[in-house]
Amino acid sequence: MTARFVATHSILSLDTDHPYTAKSLIDAQDMHRTVMSGFRGWGTDGDPDARAQMGVLSTWTVDLRAGVLVLVVQSRVPGDWAGMPRGALTRKPHVITVDRTFRSGDTLTFRTVVNPTYSRQSGPPGDRPRGRRTPHTRPDHVRAWFLDRLQPPGQPQRSPGGVPRIGATADPEALSVRMLPAASSAGPHEGLRLARAEIRGTLTVTDPAALVTALSQGVGRGRAYGCGLLLTRDARDIRDVTPASPPTRTGTRSAPR
């Protein structure tokens, strides 16, 4: 079994001291606008499904000491970052085409930032309303959340609970889970608050088609706000799935005040 995955990755290096970047770090809705600013003209203004139509997923890491935010944006269509404010970028965006055929048995290192949630039921048994989405806040619970999405050989693409699987297995003991600060928004989006966790490890492909779906559509919820993007690399490549450290900033940092 094989399946082919094709997408565009834009890697942006942003100056955390620039107001444009600083606002994106503080407000999840502003980060969403920063990501979507590269895709003007591809869809109808105000289309609530525009992000999904263009296959836009993103993730970011920040090095506060170096003053650099590295933003990775995946999409089905090429991004155009010429409209970024002057001085916000520390270097020219790096845009690459990802074209990879996956086979059963392939081993991949991976990194993903997810919004791990579960449905908390309320009310008496047999007469319970729809459950409330509740975040997982412990690494062991996040690990269990991710294990439910793994797909042992010969198993269907959905778990017994109806959760979409990612077409791969992993050694539970080898998974690294790190809780991250929540993503939130103020003002008109005051109720927006997403728990986030980073998961790293090694996957063995069992269902290439399901894996390509997970790579294309993302994993879990919060995909409009920097969660769900599954980044992989051939396990034979010893480098990490993201840069070990952000690119060096150009210019000289001012002394702390």
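The values are calculated or read from the model by the stated rules, or taken from the named source; none is laboratory data. Note that the coordinates shown come from a computational prediction; the quantities given were computed from them, not determined experimentally. Quick reminder, even Gly has a Cβ in these numbers, built from the backbone with ideal geometry, and neighbours come from all protein chains shown.
For (1) among the polar types (S, T, N, Q); (2) over 17 Å from Gly218 (Cα atoms); (3) out of contact with any Leu (no Cβ under 8 Å at 6 or more places or on another chain), each residue gets a yes or a no:
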position	(1), (2), (3)
Leu14	no, yes, no
Ala22	no, yes, yes
Thr34	yes, yes, no
Gly38	no, yes, yes
Gly46	no, yes, yes
Thr59	yes, no, no
Arg65	no, yes, yes
Ala88	no, yes, no
*Among the residues of segment 116-136, is any surrounded by 10 or more Cβ atoms within 10 Å (Cβ to Cβ) and modelled with pLDDT of 95 or more?*
yes
*asked:* Among the residues in segment 59-75, are any at pLDDT below 95, of a type in the set (A, V, I, L, M, F, W, C) and buried (at least 17 other Cβ atoms within 10 Å of the Cβ)?
replied: no
*asked:* Of the residues Pro164, Pro243, Pro247, only one is under 17 Å from the mean Cα position of the chain (by Cα) and at pLDDT below 95; which?
replied: Pro243
*Is it the case that segment 172-180 has a residue that's among the hydroxyl-bearing types (Ser, Thr, Tyr), under 22 Å from Thr107 (Cβ atoms), in contact (Cβ under 8 Å) with a residue 24 or more places away in the chain and buried (at least 21 other Cβ atoms within 10 Å of the Cβ)?*
no
*Provide a single number: the residues in segment 30-57 that are among the small types (Gly, Ala, Ser) and either touching a residue at least 60 places away in the same chain (Cβ under 8 Å) or under 16 Å from Gly228 (Cα atoms) (or both).*
2
